[in-house]
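Before any comments, here is the structure.
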Amino acid sequence: MAVQKEKKTCGQVMKEWKEFIWNPRTHQFMGRTGSSWALILLFYLIFYGFLTALFTLTMWVMLQTMDPFVPKYQDRLSVPGMMIRPKTEALDITYNISNTESWENYVRMLNQFLEAYNNSRQLATNEVCRPGLYNEQPDNGVLNYPKRACQFNRTTLEDCSGLNDTTYGYREGRPCILVKMNRVINFYAGANQTMNITCAAKKEEDAQKLGEIAMFPANGNIDLMYFPYYGKKVHLNYTQPVVAVKFLNLTYNFDHNVECKINAANIATNDDRDKFAGRVAFKIRVNKD
């Protein structure tokens, strides 16, 4: 016959919990004496102290193998990508001439981007370099930091500088788009030959609707003196070269699909797996009521 256990009262349960937390007879706290708690705390202090020291030593050894200025491993592509400004999520520049709010954000983005290219700022921080030659700055056994950056003045962009026409042509339906090549550390763009950026309609049948295009600097040229790029921490005040594209008489109320690409000896632009390798495609539409 099973013996039925006696149910404990609430007072008995509370008394047992109080004795478990602190037993005045055995001087135990939560089932352990003071010496027992001291030993277990000492063990965990030594254990976690060892783990902390091991982690710190591992990080220190790893940091000794790294250059603080140049990444040890780079996600370097053989072909640098290209991008436009103003930059939108879908690379879609659409606005209405008569609606100021539809294009003033584009103007604001161009102003922010070109602040670093102001002539006064370039004069104060960067140097006048010799055109047509790479701006090589080897260390030769001694750290040559920071690297000197060549001037790229905002006035070089002429009608698309935003200095004479503060709306970059958006108010009058002749907008400017800035095209730039992404930075790649130690990349000698052009293979010591001249290079330039050209833009055209993606479909030949739309070329006439796109109309005439003006490029600044002339012919969309990019000088060798802006290469190589040595990295953000080393090449202070570096301002990458840009090319401005001004659409002079594009057809209104029409979607223009434009592709700009770099023409350089060591930059391929026909890789279908990477749509931004040496080129960039975008849509521009100017509506007029």
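The values are calculated or read from the model by the stated rules, or taken from the named source; none is laboratory data. From a predicted model like this one, the values you see are computed outputs, not experimental measurements. Here Cβ is always computed from backbone atoms with ideal geometry, including for glycine, and neighbour counts include all displayed protein chains.
Structure values in brief
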{"quantity": "Residue ID - modelled with the highest pLDDT, chosen from residues in region 63-80 that are loosely packed, with under 10 Cβ neighbours inside 10 Å and part of a loop (DSSP other than H, G, I, E, B)", "calculated": "THR65"}
{"quantity": "Where a residue in region 98-123 is free of Cβ contacts under 8 Å to residues at least 60 places away in the same chain and its partner, wherever it lies, is assigned to a helix (DSSP H, G or I) and surrounded by fewer than 16 Cβ atoms within 10 Å (Cβ to Cβ), with Cβ under 9 Å and at least six apart", "calculated": "ASN119/THR155; ARG121/GLU115"}
{"quantity": "Sole residue being over 25 Å from the mean Cα position of the chain (by Cα), surrounded by 16 or more Cβ atoms within 10 Å (Cβ to Cβ) and either in the same structural domain as LYS147 (by TED's automatic domain parsing) or hydrophobic (A, V, I, L, M, F, W, C) (or both), chosen from ALA277, ALA214, ALA207", "calculated": "ALA214"}
{"quantity": "Out of LEU178, LEU143, sole residue that is at pLDDT below 95 and of a type in the set (A, V, I, L, M, F, W, C)", "calculated": "LEU143"}
{"quantity": "Options ASN253, ASN263; residue that is among the polar types (S, T, N, Q), in the same structural domain as ASN126 (by TED's automatic domain parsing) and farther than 23 Å from GLN151 by Cα", "calculated": "ASN253"}
{"quantity": "When residues of region 14-62 are limited to those that are among the aromatic types (Phe, Trp, Tyr) and not in a helix (DSSP H, G or I), the one farthest from the chain's Cα centre (by Cα)", "calculated": "TRP22"}
{"quantity": "Entirely in region 209-289, the strands (runs of 3 or more DSSP E) that have 3 or more residues that are over 16 Å from THR198 (Cβ atoms) and in contact (Cβ under 8 Å) with a residue 24 or more places away in the chain", "calculated": "279-287"}
{"quantity": "Members of region 153-210 that are closer than 21 Å to PHE282 by Cβ and among the aliphatic types (A, V, I, L, M)", "calculated": "LEU157, ILE177, LEU178, VAL179, MET181, MET195, ILE197, ALA200, ALA201, ALA207, LEU210"}
{"quantity": "Qualifying residue in region 183-193 (condition: over 21 Å from ALA244 (Cβ atoms), free of Cβ contacts under 8 Å to residues at least 40 places away in the same chain and polar (S, T, N, Q))", "calculated": "no"}
